[in-house]
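Bear in mind that the values in this text are calculations on the coordinates, not laboratory data. Note that the coordinates shown come from a computational prediction; the quantities given were computed from them, not determined experimentally. When we count neighbours, we look across all protein chains shown, and the Cβ atoms used for this are built from the backbone with ideal geometry, even at glycine.
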Amino acid sequence: MKSLDINQIKQYLPHRYPLLLVDRVLDWESGKSITAIKNVTINEEFFNGHFPHKPVMPGVLMIEALAQTAALLSFLTMGVKPDDNSVVYFVGIDGARFKRPVEPGDQLKMEVQIVRTARGIWKYKASASVDGQLAVEADLMCTMRNAADPSQPAA
């Protein structure tokens, strides 16, 4: 079992508070899959406005958490850590479905599998659950680009 703590995750993802949405990697297999968690707490900035009377994690942030998990898997698979010139961009999100609300106190368990890679595009099947109940699922497509010139692949 290969796991990563938050300090190791920060070596692979450029995101920082309040947008770093992966707390721990439970397990990963190069070129195949990753399982990670996001601990959802009432202290999250977005709960101040979404919604004060019934706090719910925004769906776009659940998708972002899955994308960050996918990016981790890609970097781990390639055996590289991104530099200041590397950035991962969304190319597409297909079939996104939200199945249950995610609330403060929940632990979002994210599972991402690589479906294929071709011409610099990575395609993933991603899902997240809370207590074994599916919360969100989507097919994600991402590419790695040079931050200074997004028309160029990352070096």
ask   = Tilt of helix 59-78 relative to the longest C-alpha principal axis of the chain, in degrees (0 to 90, nearest 10)?
value = 30 degrees
Count of lysine pairs in the chain with Cα separation under 20 Å (8 or more residues apart, or interchain) = 22
query = Which listed residue (G59, I93, V22) has the Cα farthest towards the positive end of the charge dipole for the range 6-146, taking +1 on Lys and Arg C-beta and -1 on Asp and Glu C-beta about the Cα centre?
reply = I93
C-alpha center-to-center spacing [the range 127-154, the range 78-104] in angstrom = 2 Å
